[in-house]
């Protein structure tokens, strides 16, 4: 179970959000641009300090841990790929910052490339890929990390409708196989319909 109680304050902006997500299910954060969806994910991941936060996952308090210690992986809107690293290294760095992988980790990287339809592109640089392909590299890195809590921030922007549907089906399958808990920030009702068991409305107050 993921339990979240967050209070975020920017200058004249107030975001209060409290919700829970049963383990192995998905929840969609939905609201207009600027409503605070990305901020909530950043607080849960440990990359932004809220004025108040109490976050538990599987009875472990996450806000007492550093970002690297939290049992989660996050996909940001801007991909966060390293332009000087190959596709393979961009995925591998999520498993080991020194890029020294075990045989099992190498297999995870290979599998993740296959999952997102990028087999054979492991030596390409991000700058040679389309925006949609870069998004799939970032998603592959998330999947290779194999954490029980998956945070996705508008994960299918830049993908055509066919690839969007393929990625939804992939994530749904992996949720079932690995008993992943999903928290998805999206403005697309189809994402929420196919991947999530509940919708959480997010609305910042000014």
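Screening 99, 170, 182 for residues that are modelled with pLDDT of 90 or more, under 25 Å from residue 31 (Cα atoms) and either within 15 Å of the chain's Cα centre (by Cα) or surrounded by fewer than 15 Cβ atoms within 10 Å (Cβ to Cβ) (or both) leaves exactly one candidate, 182.
When 27, 50 are checked against the criterion of being in contact with a helix residue (DSSP H, G or I) (Cβ under 6 Å, 6 or more places away or on another chain) and either under 13 Å from residue 185 (Cα atoms) or surrounded by 16 or more Cβ atoms within 10 Å (Cβ to Cβ) (or both), a single residue qualifies: 50.
Kindly establish whether residue 140 is within 15 Å of the chain's Cα centre (by Cα), surrounded by 18 or more Cβ atoms within 10 Å (Cβ to Cβ) and within 30 Å of residue 203 (Cβ to Cβ). Give the derivation first.
On the way: within 15 Å of the chain's Cα centre (by Cα): yes; surrounded by 18 or more Cβ atoms within 10 Å (Cβ to Cβ): yes; within 30 Å of residue 203 (Cβ to Cβ): no.
The answer is no for residue 140.
Just one of the numbered conditions (1) within 19 Å of the chain's Cα centre (by Cα); (2) under 27 Å from residue 169 (Cα atoms) is not true of residue 63: (2).
Restricting the search to the range 76-86, which residues are at pLDDT 90 or above and within 18 Å of the chain's Cα centre (by Cα)? Talk me through it step by step, then tell me what you get.
Step one: filter the range 76-86 for residues at pLDDT 90 or above, giving 81-86.
Listed by number, the residues that qualify are 81, 82.
Of all residues in the range 191-205, count the ones that are farther than 14 Å from residue 33 by Cβ and either crowded, with 20+ Cβ neighbours inside 10 Å or at pLDDT below 95 (or both).
Pass one, the range 191-205, residues farther than 14 Å from residue 33 by Cβ: 191-201, 205.
Filter again for either crowded, with 20+ Cβ neighbours inside 10 Å or at pLDDT below 95 (or both), leaving 191-192, 195-196, 200-201, 205.
So the answer is 7.
Here is a yes/no grid of residues against (1) over 24 Å from residue 187 (Cβ atoms); (2) touching a helix residue (DSSP H, G or I) at 6+ places or on another chain (Cβ under 6 Å); (3) buried (at least 21 other Cβ atoms within 10 Å of the Cβ):
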{"position": "8", "(1), (2), (3)": "no, yes, yes"}
{"position": "41", "(1), (2), (3)": "no, no, yes"}
{"position": "56", "(1), (2), (3)": "yes, no, no"}
{"position": "60", "(1), (2), (3)": "yes, no, no"}
{"position": "75", "(1), (2), (3)": "no, yes, yes"}
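Residues that are free of Cβ contacts under 8 Å to residues at least 40 places away in the same chain and touching a helix residue (DSSP H, G or I) at 6+ places or on another chain (Cβ under 9 Å): list the helices (runs of 4 or more DSSP H) wholly contained in the range 77-166 that include at least 3 such residues. Steps first, please.
Details: elements: 87-92, 103-115, 131-145.
By residue number, 103-115, 131-145.
Quickly run through the range 24-52 and pick out the residues that are assigned to a strand (DSSP E or B) and either free of Cβ contacts under 8 Å to residues at least 40 places away in the same chain or within 18 Å of residue 171 (Cβ to Cβ) (or both).
Step one: list which residues in the range 24-52 are assigned to a strand (DSSP E or B), which gives 26-30, 52.
Within the range 24-52, 26, 27, 28, 29, 30 meet the criteria.
The values are calculated or read from the model by the stated rules, or taken from the named source; none is laboratory data. Remember, it's a predicted structure, so these values are computed and weren't measured experimentally. FYI the Cβ positions are ideal-geometry reconstructions off the backbone, even for glycines, and counts take in every protein chain you see.
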